[in-house]
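Worksheet for the structure shown next.
The values are calculated or read from the model by the stated rules, or taken from the named source; none is laboratory data. Computed from a predicted structure; not experimentally measured. Using ideal geometry, Cβ is built from the backbone for each residue, glycine included, and neighbour counts are taken over all protein chains shown.
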Amino acid sequence: MLLIGAGSAVAAGIVKPEVVESLSPVTLRARYADLRGQLSHNQFNRPLYLDSTESSSHLKGDIYVLVDYPFSTVNIALNDPSHWCDVLTLHLNIKYCHASADKSGDALLVSVGTKYDKPLSQAFDVTFSYSVAAKTPDYFAVRLHAKNGPLSTSDYHIQLEAASLQEGKTFLHLTYSYAYSFAGRLAMQSYLATIGRDKVGFTIQNGTSKQLHASPDYIGGVRGLVERNTMRYYLAIDSYLSAFSAPPAAQREMRLQSWFTSTEQYAKQLHEMDRATYLEIKHSEYQRQQKPSS
């Protein structure tokens, strides 16, 4: 699966851009207070809450999570565009990432392809602008935005907010969203009817707390799709943070191992290949990453 599936893109053009608003630190902490119960009791075995929404032209996934890292560490690690390339390339379908800066601002050139190792010429290039939407001593929000993506999609947003909490922990809010045209919806439906037909998300339909340990009926379709990708991006962020304090020479391998191990905790939703195959592909892509983009 790519950012949403496999294929090439045609500019959508017929959907209105979604406004992704930054939350204030006060509002984000209030959200933390509201979610205390869900963070403590859920199917994720970690203090995490996931939500998704679908409209006639947009898909959106949100993850709220309490992480055991001080705000200062999170701020240094994730408030830098070059670090985001190390985060994004943990994802199966991100094949290349290069950060650059010019008079128009910071940007990330991201190549999106199939989960398997193929030439970059077969990938789809997506250019994300990178901006700091808000920053205070105890809060920041960074935003990645791309006008166009694969499969007739557009208006991509990856936004991360972080607020410091007591006891050296940080509350994160990750948003992942995009717009799609009629052609894009048809392409997604085709994917979901074929190779994606057995794939599910994380939301339990008509669920109760008793179902968390029974046989939950997970949501499928396009909401399941956006939930899987939102979770993959969050696990990439968490894997980056977990390796950030290690010696630089050891960090990349630690991130890869951590990301694969984390995704296998949710194998029903996220399993795509074995560990050896994932590592082989990512090592190959890393070698390619060291060369100038052609």
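If we keep just the residues of segment 54-85 that are in a strand (DSSP E or B), of a type outside the set (D, E, K, R) and touching a helix residue (DSSP H, G or I) at 6+ places or on another chain (Cβ under 8 Å), which is surrounded by the fewest Cβ atoms within 10 Å (Cβ to Cβ)?
Looking at residues that are in a strand (DSSP E or B), of a type outside the set (D, E, K, R) and touching a helix residue (DSSP H, G or I) at 6+ places or on another chain (Cβ under 8 Å), I get 66.
Show the residue pairs meeting these rules: Cβ distance below 9 Å; 6+ apart or different chains; first residue within segment 217-230 and small (Gly, Ala, Ser); second residue assigned to a helix (DSSP H, G or I).
Qualifying pairs under 9 Å: 220/192; 221/188; 221/189; 221/192; 224/192; 224/269.
In the list 135, 95, 115, which residue meets the criterion of being farther than 27 Å from residue 73 by Cβ, among the basic types (Lys, Arg), assigned to a strand (DSSP E or B) and touching a helix residue (DSSP H, G or I) at 6+ places or on another chain (Cβ under 9 Å)?
Just one listed residue meets the conditions, 95.
Can you find even one residue in segment 178-197 that is at pLDDT 90 or above and surrounded by fewer than 22 Cβ atoms within 10 Å (Cβ to Cβ)?
To start, the set of residues in segment 178-197 that are at pLDDT 90 or above comprises 178-179.
If we keep only those that are surrounded by fewer than 22 Cβ atoms within 10 Å (Cβ to Cβ) as well, we get none.
No - not one qualifying residue is present in segment 178-197.
Considering only segment 30-59, state which residues are modelled with pLDDT of 95 or more and charged (D, E, K, R).
Correct list: 31, 34, 36, 46, 51.
So that you can scan it fast, the table gives a plain yes or no per residue for (1) touching a residue at least 12 places away in the same chain (Cβ under 8 Å); (2) within 26 Å of residue 123 (Cβ to Cβ); (3) of a type outside the set (Val, Ile, Thr):
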{"site": "241", "(1), (2), (3)": "yes, no, yes"}
{"site": "250", "(1), (2), (3)": "no, no, yes"}
{"site": "263", "(1), (2), (3)": "yes, yes, no"}
{"site": "268", "(1), (2), (3)": "yes, no, yes"}
{"site": "276", "(1), (2), (3)": "no, yes, yes"}
{"site": "286", "(1), (2), (3)": "yes, yes, yes"}
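Return yes or no: is residue 88 modelled with pLDDT of 95 or more and within 26 Å of residue 270 (Cβ to Cβ)?
So residue 88 passes the test.
I'm trying to understand the selection: among the residues of segment 150-161, which are in a strand (DSSP E or B) and either on the phi > 0 side of the Ramachandran plot or over 15 Å from the mean Cα position of the chain (by Cα) (or both)?
First pass over segment 150-161, keeping only residues in a strand (DSSP E or B): 153-161.
153, 154, 155 - these are the residues of segment 150-161 that are in a strand (DSSP E or B) and either on the phi > 0 side of the Ramachandran plot or over 15 Å from the mean Cα position of the chain (by Cα) (or both).
Please enumerate the residues belonging to segment 122-144 that are under 19 Å from residue 98 (Cβ atoms) and surrounded by fewer than 19 Cβ atoms within 10 Å (Cβ to Cβ). Even if it seems obvious, please write down each step before you answer.
In the first step, residues of segment 122-144 are kept if they are under 19 Å from residue 98 (Cβ atoms); the result is 122-131, 142-144.
122, 125, 127, 129, 131 - these are the residues of segment 122-144 that are under 19 Å from residue 98 (Cβ atoms) and surrounded by fewer than 19 Cβ atoms within 10 Å (Cβ to Cβ).
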